[in-house]
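Shown next, in structure tokens, is the structure this report addresses.
Throughout, read-outs are computed from the coordinates displayed, never taken from laboratory work. Small disclaimer: the values here were computed from a predicted structure and weren't measured. Cβ placement follows ideal geometry from the backbone for every residue including glycine, while neighbour counts extend to all protein chains displayed.
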Amino acid sequence: MHSSVTFLTDTAALAAYDAPHSTQGLNMKTNKFAIFAVVLWGVSALVFGWFFVKGNTTAIEGQRDAIVLQSAERELVLLEMRGLLISTQGILAGLDNKDMAQIAQAARASGMASAADVNPALMSKLPMSFKDLGMSVHHAMDEIA
Ligand code: HEM
């Protein structure tokens, strides 16, 4: 009984006794941190996924959705639209001239390559339906080319 008390008050022995326990404590902390990191990653992926599908939109006039963009981003989308209009005009002019090279050149200018470097922040603000429509037009332009 007495020797048992002496054993517990002996600092060296106590440290030796504690060593495996403190490693276990560290492992528990590491585990909690890992679980927290995985949960945080999951939540971020969900939030990003939600924005990627829904975009940054607000309902107007009951049926329509306004896409909320910064003015530079809006300008970029409208610039792309004017590019599509120029391509369409080029394709029609090419048809009129029976010039296949002109048609191919005009269409290629609005193909997938023209949409390749749109920045991810803008992409996340555009709703999925808009991205689908936009991408199908760029694909169609490549097909025409
Ligand atoms: C060949 C196909 C297309 C052509 C020629 C075209 C052309 C245009 C033009 C000329 C504008 C006005 C640009 C300006 O104000 O400077 C415009 C605006 C717009 N386009 Fe397109 N577009 C096409 C396809 C699309 C597609 C596929 C979408 C949707 C995914 C789209 C959505 C819009 C929107 C939201 C606007 C802005 C309307 C506003 O001012 O609120 N367009 N488009």
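If you go through segment 45-90, how many residues are assigned to a loop (DSSP other than H, G, I, E, B), in contact (Cβ under 8 Å) with a residue 12 or more places away in the chain and farther than 29 Å from residue 143 by Cα?
3
Would you confirm whether any residue within segment 108-129 is near the ligand (Cβ under 10 Å from one of its atoms), assigned to a helix (DSSP H, G or I) and within 27 Å of residue 47 (Cα to Cα)? Quick ask: steps written out before the conclusion?
Here is the first cut: in segment 108-129, the residues near the ligand (Cβ under 10 Å from one of its atoms) are 110, 126-127, 129.
Then drop every residue that is not assigned to a helix (DSSP H, G or I), which leaves 129.
Narrowing the set further to residues that are within 27 Å of residue 47 (Cα to Cα) leaves 129.
Yes, there is a match, as at least one residue in segment 108-129 is near the ligand (Cβ under 10 Å from one of its atoms), assigned to a helix (DSSP H, G or I) and within 27 Å of residue 47 (Cα to Cα).
Annotation note: Cβ proximity below 8 Å between a residue of segment 128-143 that is in contact (Cβ under 8 Å) with a residue 40 or more places away in the chain and surrounded by fewer than 16 Cβ atoms within 10 Å (Cβ to Cβ) and a residue that is of a type in the set (Val, Ile, Thr) and part of a helix (DSSP H, G or I) (sequence gap 6+ or interchain) occurs for 128/53.
In segment 90-127, how many residues are over 30 Å from residue 48 (Cβ atoms), charged (D, E, K, R) and surrounded by 12 or more Cβ atoms within 10 Å (Cβ to Cβ)? Number satisfying all stated conditions: 2. Answer yes or no as to whether residue 83 is over 22 Å from residue 56 (Cα atoms) and more than 9 Å from the ligand (Cβ to nearest atom). So residue 83 does not fit the description; no.
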